[in-house]
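The values are calculated or read from the model by the stated rules, or taken from the named source; none is laboratory data. Source: prediction; values computed, not measured. Because the Cβ atoms are built from the backbone with ideal geometry, glycine has one as well, and the counts that use them run over all protein chains shown.
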Amino acid sequence: MGCINILSGYSQNSNQTVDDSLDILVLNLMPNRLETEHQIIDLLQQTDLNINLNFCRMASHHIKHFDPEIIEKYVTTKDVLKDHFDALIVTGAPLDRKHFNEVDYWNEFVDFINWRKTHVDTCLFSCWAAWAAGTIDGVLTGKQLDQKIYGVYTTNGITMPQSRYFTIPKENVKATVLAGNDTIGATLIFDSNTNSYYVTGHLEYGTKTLAEEYFRDIKNGLDTQKPNNYFDNQDHPINTWHTDATTFYINWLNQFTSSK
Ligand SMILES: CC(=O)SCCNC(=O)CCNC(=O)[C@H](O)C(C)(C)COP(=O)(O)OP(=O)(O)OC[C@H]1O[C@@H](n2cnc3c(N)ncnc32)[C@H](O)[C@@H]1OP(=O)(O)O
Ligand SMILES: N[C@@H](CCO)C(=O)O
């Protein structure tokens, strides 16, 4: 059984472990950070690996949905500049209705994405982070949409929740498109130059997350349509992606344990 060791605050020892643990950094951009943490930890626990887990936040962003636990537990992108990580996960963010230059931490994000090329062995960028990091890397070109791509979709055998106002047409990708279609664009891209996966969906989402977003938007008076391929005929959310999400994380991270 693997062990997930969550390191609190900045600890230079986080990368001085001599065991076979993987040092993983999670840049959490989601407003519901604590929920997103649990979703990612649940998936990492399925890998059965020993993991030193560091949560990170943007140094230049003033967190609106403040929680003291976040400030105590999280490092910032500035704290880790001298460290090396086996893997980096960057979460999604509710930013895809904004232009990149409207994101208040955009310059810091660009620097961080370039920093990771010399300090991280493999990366997983999710949703908005896939679009943003892929744009910075010059790997892809996405475009904003008026209608949200919303629901659970299976492309090339992998099922995942989608919740985004952007698409990445497959023909706009300069790396390997592992999954996608002409309707919702690329869903899984791999770039061997930086060993990075760009996932436009949310493998980490829990069963109810899409429903929570939907009812949130409806409560806020938005005309968000119901997520596709998600509710059963009694309007209960059905999770059809957990196996694929778990398999992805296991296959992604297990390849690195042998080199430790
Ligand atoms: C991938 C997607 O589907 S994105 C689309 C998400 N859904 C929508 O856009 C629907 C309309 N948007 C919304 O309803 C809101 O953005 C919500 C519900 C997602 C959040 O609303 P609010 O709680 O009022 O917060 P607000 O929108 O101001 O910011 C939410 C988060 O977005 C991020 N954010 C918002 N504006 C900025 C900005 N200019 N720069 C950087 N981050 C920003 C922040 O992370 C912020 O939370 P945090 O400061 O606690 O980290
Ligand atoms: N799409 C999510 C944000 C992260 O993709 C939302 O509606 O809040």
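Condition first: within 12 Å of ligand 2 (Cβ to nearest atom), of a type in the set (K, R) and without any contact (Cβ under 8 Å) to a residue 12 or more places away in the chain. Can you find one or more residues in region 218-229 that meet it?
No; the residues of region 218-229 include none that is within 12 Å of ligand 2 (Cβ to nearest atom), of a type in the set (K, R) and without any contact (Cβ under 8 Å) to a residue 12 or more places away in the chain.
When you check T91 against the structure, is it closer than 27 Å to G206 by Cβ, modelled with pLDDT of 95 or more and crowded, with 21+ Cβ neighbours inside 10 Å, yes or no? Steps first, please.
Working: closer than 27 Å to G206 by Cβ: yes; modelled with pLDDT of 95 or more: yes; crowded, with 21+ Cβ neighbours inside 10 Å: yes.
For T91, the condition - closer than 27 Å to G206 by Cβ, modelled with pLDDT of 95 or more and crowded, with 21+ Cβ neighbours inside 10 Å - is met.
Determine if region 49-63 includes at least one residue that is modelled with pLDDT under 95, among the hydroxyl-bearing types (S, T, Y) and at negative phi.
No, that holds for no residue.
What are the residues in region 109-128 that are out of contact with any Asp or Glu (no Cβ under 8 Å at 6 or more places or on another chain) and within 10 Å of ligand 1 (Cβ to nearest atom), if any?
Pass one, region 109-128, residues out of contact with any Asp or Glu (no Cβ under 8 Å at 6 or more places or on another chain): 109-112, 114-118, 123-125.
Within region 109-128, just F109 meets the criteria.
Give the residues of region 83-106 that are in contact (Cβ under 8 Å) with a residue 40 or more places away in the chain, more than 9 Å from ligand 1 (Cβ to nearest atom) and not hydrophobic (A, V, I, L, M, F, W, C), sorted by residue number.
Selection gives D83, H84, D86, T91.
Which residue pairs have Cβ atoms under 8 Å apart, sit 6 or more places apart or on different chains, and have a first residue in region 66-80 that is closer than 16 Å to M30 by Cα and touching a residue at least 12 places away in the same chain (Cβ under 8 Å) and a second that is of a type in the set (A, V, I, L, M, F, W, C) and in a helix (DSSP H, G or I)?
Short answer, once both residue conditions are applied: D67/L34; E69/L34; I70/L34; T77/F112; T77/W115.
Looking at this structure, is T257 within 30 Å of D23 (Cα to Cα), more than 20 Å from the chain's Cα centre (by Cα) and not charged (D, E, K, R)?
yes
Just the residues that are part of a loop (DSSP other than H, G, I, E, B), away from ligand 1 (no atom under 13 Å from the Cβ) and buried (at least 17 other Cβ atoms within 10 Å of the Cβ), please, taken from region 47-78.
Across region 47-78, the qualifying residues are T47, L49, N50, T77.
Give, as residue ranges, the strands (runs of 3 or more DSSP E) completely inside region 174-260 that count at least 2 residues that are within 16 Å of ligand 1 (Cβ to nearest atom) and within 21 Å of T91 (Cβ to Cβ).
Numbers: elements: 176-181, 185-191, 196-199.
Hits in region 174-260: 185-191, 196-199.
Does T207 satisfy the criteria of being at pLDDT 95 or above, surrounded by fewer than 17 Cβ atoms within 10 Å (Cβ to Cβ) and either acidic (D, E) or in contact with a helix residue (DSSP H, G or I) (Cβ under 9 Å, 6 or more places away or on another chain) (or both)? Let's see the steps before the verdict.
Values: at pLDDT 95 or above: yes; surrounded by fewer than 17 Cβ atoms within 10 Å (Cβ to Cβ): yes; either acidic (D, E) or in contact with a helix residue (DSSP H, G or I) (Cβ under 9 Å, 6 or more places away or on another chain) (or both): yes.
Answer is yes for this residue.
Can you confirm whether region 136-146 contains a residue that is charged (D, E, K, R), assigned to a strand (DSSP E or B) and within 11 Å of ligand 1 (Cβ to nearest atom)? Please lay out each step first, then the result.
Our first condition is that a residue be charged (D, E, K, R); within region 136-146, this holds for 137, 143, 146.
Now narrow it down to the ones that are assigned to a strand (DSSP E or B): 143, 146.
Okay, now just the ones that are also within 11 Å of ligand 1 (Cβ to nearest atom), so none.
No, region 136-146 contains no residue that is charged (D, E, K, R), assigned to a strand (DSSP E or B) and within 11 Å of ligand 1 (Cβ to nearest atom).
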